[in-house]
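Visitor: Please read through the structure below; I'll follow up with questions.
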């Protein structure tokens, strides 16, 4: 009788030990956040490959510059990707556990997100860059990691916040439609367009970017007669150029990144010079990197974004100075890529300070603080709506001739569109169809509230 009892005791002890190991393993893989040794771990996700790979250091630099300017961070190399140490927020050490290297695809973004969060132990993630990536990361945050905090990098697909509505995913940058506010009205009322074609990469961000133009232009009375969608990563645009109609008043171009340079060159080869009265573009047209690469063909053209590049206010100068830890990033200060990651880290620093660096309790206090943050940004205030999506000013900008001694065009901000929200003045909601190749439809209706109320700008 004694031996069976002893064996039974051993069996129970082994079972208990296995149970303890299982609990420990589950705790290690759980989304529940625990804080140890006063360290807050942050991962930063961007694209180092694909059409947006050239913005990698601008993205990372925008975020890390905040740590250097306000929280004692020290760069460990000449480039942002070399890392940063020494930062403290509310007495807690900030550890950058790693940088995610994606390629604008959802699968790669999730692979890198899992590496940063699940393998390297990031408590908080900043990123990603591109539209499909943003939707995927927002869904991952909501479903897989509800007790960690995610701040968007610069991805601008509408669905990531308006439809997914993850309570732990925060976007302190406008979406693509918000960035197009003012352009439909400008095309109709200033350029005299009544018909238009649109062309954009075939994925979530251009769907959103072109949706803003289509909604506004059609609401006033314009008609979009053709929508052309080359795949992201296209290098031969000849067949897509041939699809663009010639019997329209103008074309809105939403191709982004390296593809925009290729498209414009191939369009000129096929059709000659680009007319600034018959073409306009989204935020990519006025990005410093792309403007330098494309050059004078864009002079006179109009585009829009959340940046007023010629603003010389004290607030803008302070922002540019913050980026000085990385001269290459500072050179691209007037880029939404730099600004987006700067805004995310700025908001995170403010929120962590307000909760005294406490990320216990599944980060709920931190997330509540983030929802209330208002950034006094270089181009106006940025606040969040109930879906944790940015409300911000938009700026319509014209490309000007290069200054003397330069071959790089300048920029002149001409209109301010105040406080553009994600519903686009009531056009979009959680129940409207997802934006895609054919949505939104072109329909005449009450225009967005800023039409006719744009604010003329002259920074001198």
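Bear in mind that the values in this text are calculations on the coordinates, not laboratory data. Model, not experiment: these values are computed from the prediction. All Cβ positions, glycine included, derive from the backbone under ideal geometry; neighbour counts span all protein chains shown.
Visitor: Evaluate the distance, in nm, between pseudo-label points positioned 7 Å from the Cα of residue 275 and of residue 107 along their respective Cα→Cβ axes.
Guide: 4.4
Visitor: Return, for the Cα atoms of segment 69-168, the radius of gyration and Dmax in Å, separated by a comma.
Guide: Answer for segment 69-168, Rg first and Dmax second: 14.2, 40 Å.
Visitor: Next question. Per the Kirkwood treatment, what hydrodynamic radius in Å, one decimal, follows for segment 348-396 from the mean inverse distance over all distinct Cα pairs?
Guide: The Cα-based Kirkwood calculation yields 11.7 Å.
Visitor: Something else: Which percent of Cα-Cα pairs in segment 105-242 sits in each 10 Å bin, short to long?
Guide: Pairs per bin, as whole percents: 12, 35, 28, 17, 7, 1.
Visitor: Please give the calculated 222 nm ellipticity per residue for the chain, where each DSSP H segment of at least 4 residues contributes -39500 (n - 2.57) and the sum is spread over every residue; nearest 500 deg cm²/dmol?
Guide: -10500 deg cm²/dmol
Visitor: Modelled label-to-label distance, residue 331 and residue 446, 7 Å Cα→beta-carbon offset: nm?
Guide: Placing both labels 7 Å beyond Cα along the Cβ direction yields 4.9 nm.
Visitor: Would you mind getting me the FRET efficiency between residue 365 and residue 315? Use the beta-carbon distance for r and R0 = 30 Å, nearest 0.05.
Guide: It comes out at approximately 0.55.
Visitor: How big is the Cα convex hull of the chain in projection, averaged over all directions, in nm²?
Guide: Directional mean of the projected Cα hull area for the chain stands at 25.4 nm².
Visitor: Gain in length, residue 247 to residue 88, computed as 0.36 nm per residue apart minus the alpha-carbon separation, to one decimal in nm? Mind showing how you got there, number by number?
Guide: Numbers: separation 159, 0.36 × 159 = 57.24 nm, distance 5.93 nm.
That pair, residue 247 and residue 88, stretches by 51.3 nm at full extension.
Visitor: Quick check for you: which residues of segment 93-108 have the amide N under 16 Å from the point 7 Å beyond the Cα of residue 356 toward its beta carbon?
Guide: Within reach of a label on residue 356, which here means backbone N under 16 Å from a point 7 Å along Cα→Cβ, segment 93-108 contributes 93.
Visitor: Also, quick follow-up: What is the antiparallel percent of DSSP beta bridges lying wholly in segment 43-158, to the nearest 5?
Guide: Antiparallel bridges make up about 30 percent of those DSSP assigns within segment 43-158.
Visitor: Let me ask something additional. Modelled label-to-label distance, residue 455 and residue 381, 7 Å Cα→beta-carbon offset: nm?
Guide: Result for the modelled spin labels: 1.1 nm.
Visitor: Let me make sure I get this right: for segment 354-460, a, b and c are the square roots of the gyration tensor eigenvalues over alpha carbons, sorted descending. Under 1.5 in a/c it's rounded, otherwise prolate if a/b > b/c, else oblate. Which is it?
Guide: Oblate, because a/c is 1.5 or more while a/b does not exceed b/c.
Visitor: Please give the direction-averaged projected area of the C-alpha convex hull for segment 184-243, in square nanometres with one decimal.
Guide: Mean orientational projected area (segment 184-243, Cα hull): 4.2 nm².
Visitor: Additional query: Given segment 264-405, what whole percent of its Cα pairs are spread farther than 19 Å?
Guide: Everything past 19 Å amounts to 61 percent.
Visitor: Please report the orientation-averaged projected area of segment 111-158, defined via the convex hull of its C-alpha atoms, in nm².
Guide: 2.9
Visitor: On to the next question. For the Cα atoms of the chain, what angle does the longest principal axis make with the long axis of helix 131-143, in degrees from 0 to 90, nearest 10?
Guide: 30
Visitor: Would you please put 345-351, 314-320, 219-225, 201-207 in order of how densely packed they are, using the mean number of other Cβ atoms within 10 angstrom per residue and starting with the highest? Intermediate results must be reported in sequence, preceding the final value.
Guide: Numbers: 345-351: 23.4, 314-320: 14.9, 219-225: 17.3, 201-207: 25.4.
The densest-packed peptide leads the list: 201-207, 345-351, 219-225, 314-320.
Visitor: Most exposed first by the Cβ proxy, i.e. fewest other Cβ within 10 Å, how do 374, 302 rank?
Guide: 374, 302
Visitor: To continue, here is another question. Compute the Kirkwood hydrodynamic radius of segment 175-327, taking the inverse of the mean of 1/r over all pairs of distinct Cα atoms, and give it in Å to one decimal.
Guide: Averaging 1/r across every pair of different Cα atoms and inverting gives 16.1 Å.
Visitor: Rounded to the nearest 5, what is the percent of antiparallel bridges among the DSSP beta bridges in the chain? Each step should come with its number before you reach the end.
Guide: Working: 23 of 56 bridges.
Counting DSSP beta bridges with both partners in the chain, the antiparallel share is about 40 percent.
Visitor: Can you put 123, 82 in order of Cβ neighbours within 10 angstrom, beginning with the fewest?
Guide: In increasing order of surrounding Cβ atoms, one gets 82, 123.
Visitor: May I pose another question? Which peptide among 388-398, 426-436 comes first, and what is the full order, when sorted by highest mean count of other Cβ atoms within 10 Å?
Guide: Result, highest mean first: 388-398, 426-436.
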